[in-house]
Amino acid sequence: MSRAQERRRAYHARYKEDVQRRGKPFYPFAMFHDTVMSLVVVAVIVALACIWYFTAEDVGPGASKPGWLGVLYEAEADPGTTNFTPRPDWYFYFLFYLLRIFKWPDTVVLGTVGIPTILLIIGFALPFLDRRMERRPLHRPVVVVVLILTAISMGVLTYKGATAKEASSGALQQVPIWMEKYNLPEEARAGAEIFAVSGCLNCHTYGGTGASQLGAPDLTEEGTRNRGIDWQIRHLQNPSSVTPGSPMPSFAELGEDNLRKLATFLEASKGESG
């Protein structure tokens with residue numbers, strides 16, 4: 001028997017003696033405490049939900065009077081809105097910003113699945129790989145440094161994700177510049193405004209504005225491809241059916257009228273040669 005095995009057996013024996021002398025077994029004491037606390041947490045959540053629901057007052061379609069914990073609901077969501085930019089909850093900001101680093105189709109899986117999964121596997125495996133008795137942080141420099149670097153990385157990525165400005169922010173001010181610089185017809189103005197506020201510039205670029213994400217092309221000269229209004233509408237409604245494998249989401253919620261305006265703008269975009 002090796003010295004390490006002897007030390008572990010001696011430590012385990014002392015632990016059992018200490019449990020018998022001063023401690024309490026896991027069953028039923030710890031299980032009972034965990035069960036009680038779980039019931040308390042559930043009861044608090046149910047009580048808060050009841051307070052929120054019964055203290056608020058329904059005052060009509062799409063609105064409610066605030067109760068002790070806020071309103072029941074506000075105005076109904078408009079699926080055709082063109083000025084809403086979705087963002088994740090704060091605890092996903094570090095993943096949100098990773099997508100800005102790994103932005104190409106071949107590498108985006110690293111930011112969404114690869115890196116987080118590898119870190120989780122390492123975290124689960126560490127207790128089985130490092131079985132030393134030493135627990136003082138100063139005597140475990142490698143683990144402490146890894147934990148500190150991980151915490152700093154997540155903190156920095158969370159901060160960068162929270163303060164990141166969307167590419168479409170302020171893009172509406174660029175519409176008059178686009179109209180003049182690229183000689184766009186007046187009937188393309190409405191589509192240009194929709195393009196500027198609908199999140200298109202979060203993946204595409206136009207006239208130097210925007211952010212190229214997931215390999216999305218520059219659309220400044222989209223009209224030179226002569227694809228036609230109908231093709232543009234069908235592509236906006238269901239991109240993958242027109243361009244197989246396209247990661248672009250559907251914009252069918254904008255409605256037929258807005259899609260036609262957007263398609264008119266794209267077809268009129270022929271760059272400086274326009």
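The values are calculated or read from the model by the stated rules, or taken from the named source; none is laboratory data. On a predicted model such as this, the values are computed, not experimentally measured, just so you know. Using ideal geometry, Cβ is built from the backbone for each residue, glycine included, and neighbour counts are taken over all protein chains shown.
Which residue pairs have Cβ atoms under 6 Å apart, sit 6 or more places apart or on different chains, and have a first residue in segment 187-207 that is on the phi < 0 side of the Ramachandran plot and among the hydrophobic types (A, V, I, L, M, F, W, C) and a second that is in a helix (DSSP H, G or I) and modelled with pLDDT under 85?
As it stands, the answer is Ala196/Ala171; Ala196/Leu172; Val197/Leu172; Leu201/Ala171, since those pairs meet every condition given.
Which numbered condition trips up Ser241, out of (1) of a type in the set (Gly, Ala, Ser); (2) surrounded by 17 or more Cβ atoms within 10 Å (Cβ to Cβ); (3) in a helix (DSSP H, G or I)?
(2)
Please work out which one of (1) more than 30 Å from Asn258 (Cα to Cα); (2) of a type outside the set (D, E, K, R); (3) modelled with pLDDT under 75; (4) surrounded by 12 or more Cβ atoms within 10 Å (Cβ to Cβ) is the condition Gly111 fails and give its number.
Gly111 satisfies every listed condition except (3).
Collect the residues in segment 175-188 that are in a helix (DSSP H, G or I) and either in contact with a Phe, Trp or Tyr (Cβ under 8 Å, 6 or more places away or on another chain) or closer than 14 Å to Glu267 by Cβ (or both), keeping them in residue-number order.
Trp178, Glu187, Ala188
Residues in segment 9-53 that are free of Cβ contacts under 8 Å to residues at least 24 places away in the same chain, farther than 30 Å from Val71 by Cα and part of a helix (DSSP H, G or I): how many?
23
Checking Glu166 against (1) surrounded by fewer than 16 Cβ atoms within 10 Å (Cβ to Cβ); (2) at pLDDT 85 or above, which single condition isn't satisfied?
Of the numbered conditions (1) surrounded by fewer than 16 Cβ atoms within 10 Å (Cβ to Cβ); (2) at pLDDT 85 or above, the odd one out for Glu166 is (2).
Could you go through segment 136-151 and let me know if any residue there is surrounded by 11 or more Cβ atoms within 10 Å (Cβ to Cβ), modelled with pLDDT under 80 and of a type outside the set (S, T, N, Q).
Within segment 136-151 (the criterion being surrounded by 11 or more Cβ atoms within 10 Å (Cβ to Cβ), modelled with pLDDT under 80 and of a type outside the set (S, T, N, Q)), the answer is no, since none of the residues qualifies.
Going by the structure shown, is Gly223 under 17 Å from Gln173 (Cα atoms), assigned to a helix (DSSP H, G or I) and in contact (Cβ under 8 Å) with a residue 24 or more places away in the chain?
The answer is no for Gly223.
Could you look through segment 72-108, keep only residues that are surrounded by 15 or more Cβ atoms within 10 Å (Cβ to Cβ) and in a loop (DSSP other than H, G, I, E, B), and pick out the one that is modelled with the highest pLDDT?
Across segment 72-108, the extreme among qualifying residues is Phe102.
Has segment 214-230 got at least one residue that is surrounded by fewer than 21 Cβ atoms within 10 Å (Cβ to Cβ) and among the hydroxyl-bearing types (Ser, Thr, Tyr)?
Yes, segment 214-230 contains a residue that is surrounded by fewer than 21 Cβ atoms within 10 Å (Cβ to Cβ) and among the hydroxyl-bearing types (Ser, Thr, Tyr).
Does segment 170-186 hold any residues that are at negative phi and in contact (Cβ under 8 Å) with a residue 12 or more places away in the chain, and which are they?
Ala171, Leu172, Gln174, Val175, Ile177, Trp178, Met179, Lys181, Tyr182, Leu184, Pro185
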